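Peer 1: My structure is below; once you've seen it, I'll send some questions.
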Amino acid sequence: MQSRELHHYLSICYMKKESVGLLFYAADTQRQLFLLRNDRNVHSWGLPGGKVERGETLREAIERECREEIHFWTQDVKLFPLEQFTSDDSKFCYHTFFTMVPYEFKPVLNDEHIGYTWVSADTYPRPLHRGLFNTLNYNVIRQKIAIICDSMK
């Protein structure tokens, strides 16, 4: 790689913004947690998560975001990567993870959200964030979730 190409590549990597989201699945009810946004995506449902800060690992970002947004985290959370979406210009990357918890919990929301719901895995609240809708409707993602759930029984 020539110097000019390398500089361009490194500048793109440096400029990339990364975000994370975590899909909680409750083993006792077989339902998933969604949060109702209270910002520019007003009244769309999404996942706990957000921007990865400089120097953070993806796991550290998920933990911080969950503590901030729903006041919930346990150290034994097992994270399973579902998808990594990268924008066409490679400047934005969103990592979607999955975790199974033994039971549904009641999130304590911060001001980023105005509601929450636990729904069965075959339905979603509406309107679901467009990117999340696309992710959850890929057959390969549904298969991953089924495999993870089966392996944790």
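Peer 1: Which entry is the computed Rg/Rh (Cα atoms, Kirkwood Rh) for this structure: (1) 1.39; (2) 1.00; (3) 1.14?
Peer 2: Entry (2).
Peer 1: So which residue, out of Gln30, Gln143, Gln75, gets the largest mean-square fluctuation from a GNM of the chain using Cα contacts under 10 Å as springs?
Peer 2: Gln75
Peer 1: Based on the alpha-carbon gyration tensor of the stretch 94-153, what equivalent-ellipsoid semi-axes (square roots of 5 times the eigenvalues) come out, in whole Å, largest first?
Peer 2: Numbers: eigenvalues 90, 58, 23 Å².
They are 21, 17, 11 Å, listed from largest to smallest.
Peer 1: List the residue ranges in the chain for DSSP H helices whose C-alpha atoms run 27 angstrom or more along the long axis and whose Kyte-Doolittle average is -1.0 or above. Working shown, then result.
Peer 2: Numbers: long enough: none.
Result, helices passing both filters: zero.
Peer 1: Counting only pairs 8 or more residues apart or on different chains, how many lysine pairs in the chain have their Cα atoms under 15 Å apart?
Peer 2: Working: Lys16/Lys51; Lys16/Lys91; Lys17/Lys51; Lys17/Lys91; Lys51/Lys91; Lys78/Lys144; Lys78/Lys153; Lys144/Lys153.
The number of close lysine pairs in the chain is 8.
Peer 1: Give me the percent relative contact order of the stretch 6-148, please, defined on Cα pairs under 8 angstrom at least 6 residues apart. If you can, show how the numbers build up before the last one.
Peer 2: Details: 247 pairs, mean separation 46.9, N = 143.
Dividing the mean separation by the residue count of the stretch 6-148 yields 33 percent.
Peer 1: Just need log10 I(q)/I(0) for the stretch 42-106 at q = 0.17, 0.26 Å⁻¹, Debye formula, equal scatterers on the alpha-carbon atoms, no solvent, rounded to two decimals.
Peer 2: -0.69, -1.39
Peer 1: List the trypsin sites (Lys or Arg not before Pro) within the stretch 14-64 that DSSP assigns to loop and that have no more than 11 neighbouring Cβ atoms inside 10 Å.
Peer 2: Numbers: sites: Lys16, Lys17, Arg31, Arg37, Arg40, Lys51, Arg54, Arg59, Arg64; in loops: Lys16, Arg40, Arg54.
Listed in order of number, the matching sites are Arg40, Arg54.
Peer 1: Return Trp45, Trp118 ranked ascending by Cβ neighbour count within 10 Å, so the fewest neighbours appear first.
Peer 2: Sorted ascending by nearby Cβ count, the order is Trp118, Trp45.
Readers should treat all values here as calculations from the given coordinates under stated rules, not as data from a laboratory. Just so we're clear, the structure is a prediction, and the values are computed from it rather than from any experiment. Positions of Cβ are generated from backbone atoms using ideal geometry, with glycine treated the same way; all protein chains shown enter the neighbour counts.
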